[in-house]
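The values are calculated or read from the model by the stated rules, or taken from the named source; none is laboratory data. What you are looking at is a predicted structure, and each value in this text was computed from that prediction instead of being measured. Methodologically, a virtual Cβ is constructed for each residue, glycine included, from the backbone with ideal geometry; neighbour enumeration extends over all protein chains shown. Heads up: the accessible areas ignore ligands, DNA and RNA and are worked out on the full protein's heavy atoms, side chains in. Shrake-Rupley method; radii C 1.70, N 1.55, O 1.52, S 1.80 Å.
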Amino acid sequence: MDILIYEHFLGENFSEQPSPLILNEAKLIIDIIIKDLSLEFSDSKISLLLNKKNRNLIHSKNHIYRNYVDDVITDISKKIKENDKVLILAPEENLILFNLIKSLEDKNIGHFNTNSNFIYSSTNKFELNIKLKNSKKYQIKTYKDYSKVYMDKEIVAKPNDGVGAQNLFIFKNKFDLEKNKHRLNDFHIYQEYIKGTIIGINIVITKNKIIILSINEQIYNNSSSNEIYLSKIHIGKYNYLLDDFRIFVESILSNFNNFFGFIGIDAILTQDKKIVFLEINPRLTTSYIGLRESIGINPFSFLQKNISSFNIAKNKLITLRISK
C-alpha cells in the first residue's frame, strides 16, 4: 500500500495565490504528516500531489504534480494503485472537503479521512447546532438574522461553513455590527460573544473508542478592531481537565453515528469552568503540527494499533507559534 496526500491550498491552481499565512500553515502540517506517515508506514511510498509552482515550499521531494486537465479526484485515481490510500486536507468551506471525500468514496478509493456523512453533518454550523439534540447544555444560541441578538451584547459573526477565524468578526454590540455590515454576507451566522479561553481538542476515533489526544489553548490576536487571527497554540495546557472534556466530547459525538479518524472540537472554557461548544473540525487541524512532540506517540499509530498505554497526563506542554 502506498499513500497519496492532497492539500488543497498547495495543490490547486488558484487565479490568486492564497495568503502567505495559509500557505505557511499548509506547509508546516504537510511536512509533519509526511514524516509521521513515513514512520508509521515504513514500507509504503508517501507522495504529495502538488501544484508544481509550490514544490520548493515542502521539504519532502517525493512529489507528483497535478494535471489540471482533470478534476482532482480523477487526477488522484489515475495516479494510485488499487490498494493505495489517500489523505485529503481541505477546508469545509463551500463543501470542498465533503465533495472530495464523497467522490473518493463513490470511486471506492480508500482514505484516512473521516467519512463524508460526518463531514457533511458538521460543516453547516447553523444546522449542526440543531442536530446537537443530546448536548443542549453546551450550546450558544445561533441566529441567521443578527436582529434577533440582544442590542447591548457583544456579537460574533462567522461564516456558516468557514474555517478557523477567517471572515470572523467580533462586534461590541448591534450598533457596531450595523456600522460594519458591509463586511458581512448572507452566509454569516450570529452568536452572543462568550468570554473565556478558546479550547481546541485533538481527537482520534478508532473502531473501538473515542480517544482525546490533547486539550489545547488557542491564542488569538486582533488584526483589526473587529477581526482576529490564530497566533499560537499551547498544546496540552488543559489536559488536566480531561474528565470534564471527556464528558463534553462524548456528549457532542453522541449525536452522530459511524465516524472514524482524526477530528477536532473547539469550545470556550469560561472563567467559572463552564464548557461552551463552538464547532467541529472534521479533519486534522493546525495543532497536529506539534501533536507527536507533545504526546510522544505517532498519532497515526492510533489508527493502526490498539494503544492501551496512552496517558494524556504524561503529555508535554508544547507552544506552537502559528504567526507573529
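For His182, tell me the accessible area in Å² from a 1.4 Å probe, rounded to the nearest 10.
Rounded to the nearest 10, that gives 150 Å².
For the chain, what is the accessible area per residue in Å², given a 1.4 Å probe and the full set of protein chains? Show your work: numbers first, answer last.
Working: 15950 Å² over 324 residues.
Accessible area per residue, the chain: 49 Å².
Looking only at the chain, where both bridge partners belong to it, what percent of the DSSP beta bridges are antiparallel (to the nearest 5)? Walk me through the numbers before you get to the answer.
On the way: 44 of 58 bridges.
Taking every DSSP beta bridge within the chain, about 75 percent pair in antiparallel fashion.
Only Lys, Arg, Asp and Glu count, each charged at its Cβ (+1, +1, -1, -1), so figure out the dipole size of the chain about its Cα centre, rounded to 20 debye.
Numbers: 44 positive and 36 negative charges, 109 e Å.
That gives the chain a dipole magnitude of about 520 debye.
Quick check: with the 1.4 Å probe, what order do Phe277, Phe260, Phe175 take by accessible area, largest first?
Numbers: Phe277 0, Phe260 70, Phe175 130 Å².
Ranked from most to least accessible, the order is Phe175, Phe260, Phe277.
When the convex hull of the Cα atoms of the range 223-324 is projected onto a plane and the area is averaged over all directions, what value comes out in nm²? Can you show the working numbers first?
Values: hull surface 32.6 nm².
Averaging across all directions leaves 8.1 nm² for the Cα convex hull.
Between Asp70, Asp31, Asp84, find the one with the highest GNM mean-square fluctuation for the chain; connect C-alpha pairs within less than 10 Å.
In the Gaussian network model the winner is Asp70.
Distance from the Cα centre of the range 182-196 to that of the range 111-143, in angstrom?
First find each Cα centre; the distance between them is then 17 Å.
Most mobile of Leu291, Leu242, Leu48 per a Gaussian network model of the chain (Cα springs, under 10 Å)?
Highest fluctuation among the options: Leu242.
In what order, largest first, do Ser308, Ser77 sit by accessible area if the probe radius is 1.4 Å?
Working: Ser308 100, Ser77 45 Å².
Correct descending sequence by accessible area is Ser308, Ser77.
Roughly how compact is the range 168-301, stated as its Cα Rg over 2.2 N^0.38 Å to two decimals?
Numbers: Rg = 16.5 Å, N = 134, 2.2 N^0.38 = 14.1 Å.
Against the empirical 2.2 N^0.38 Å value, I get 1.16 for the range 168-301.
From largest accessible area down, sort Asp75, Asp43; use a 1.4 Å probe on the protein chains. Write down the numbers at each step before the final one.
On the way: Asp75 0, Asp43 150 Å².
Ranked from most to least accessible, the order is Asp43, Asp75.
Taking 4 °C and 1.567 mPa s as the conditions, I'd like the Stokes-Einstein D for the range 25-169 in µm²/s, using the Kirkwood hydrodynamic radius from alpha carbon pairs.
Rounded to a whole number, D works out at 72 µm²/s.
With a 10 Å cut-off between alpha carbons and a GNM built on the chain, which of Ser309, Ser301, Ser287 moves the most?
Greatest mean-square fluctuation among the candidates belongs to Ser309.
What accessible area, in Å² to the nearest ten, does a 1.4 Å probe give for Arg246?
Surface accessible to solvent at Arg246 totals approximately 100 Å².
Suppose we take every Cα in the range 97-207 and form the convex hull; what volume per residue is that in Å³? Can you show the working numbers first?
Working: hull volume 15.2 nm³, N = 111.
Taking the convex hull of the Cα positions in the range 97-207, it is 137 Å³ per residue.
Given 0.36 nm per residue, what is the gain on full extension from Ser147 to Glu250 after removing their alpha carbon distance, in nm? Intermediate values should be presented prior to the final figure.
On the way: separation 103, 0.36 × 103 = 37.08 nm, distance 3.34 nm.
Fully extending the segment from Ser147 to Glu250 adds 33.7 nm.
First compute the accessible area of the chain with a 1.4 Å probe, then give the percent of it belonging to carbon and sulfur atoms.
Details: 7610 of 15950 Å².
Of all accessible area on the chain, carbon and sulfur atoms account for 48 percent.
Using Cα positions and a limit of under 20 Å, work out the lysines in reach of Lys107, with same-chain residues fewer than 8 apart set aside.
Qualifying lysines at Cα under 20 Å: Lys78, Lys79, Lys81, Lys85.
If you take every residue apart from Leu4 with its C-beta less than 12 Å away from the C-beta of Leu4, what net charge results, scoring Lys and Arg +1 and Asp and Glu -1? Walk me through the numbers before you get to the answer.
Values: positive: Lys45, Arg66, Lys78, Lys79, Lys81, Lys85; negative: Asp2, Glu7, Asp75, Asp84.
Combined, the nearby Lys, Arg, Asp and Glu give +2.
Convex hull over the alpha-carbon atoms of the range 155-202: what's its volume per residue in Å³? Walk me through the numbers on the way to the answer.
Numbers: hull volume 3.8 nm³, N = 48.
Cα convex hull per residue, to the nearest whole number: 79 Å³.
For the range 221-324, with only Lys/Arg (+1) and Asp/Glu (-1) charged at the beta-carbon, what is the dipole magnitude about the Cα centre, in debye rounded to 20?
Working: 12 positive and 8 negative charges, 91 e Å.
With Lys and Arg at +1 and Asp and Glu at -1, about 440 debye.
Setting aside same-chain residues fewer than 8 positions from Lys136, which lysines have a Cα under 18 Å from its Cα?
Partners within reach: Lys125, Lys273, Lys274.
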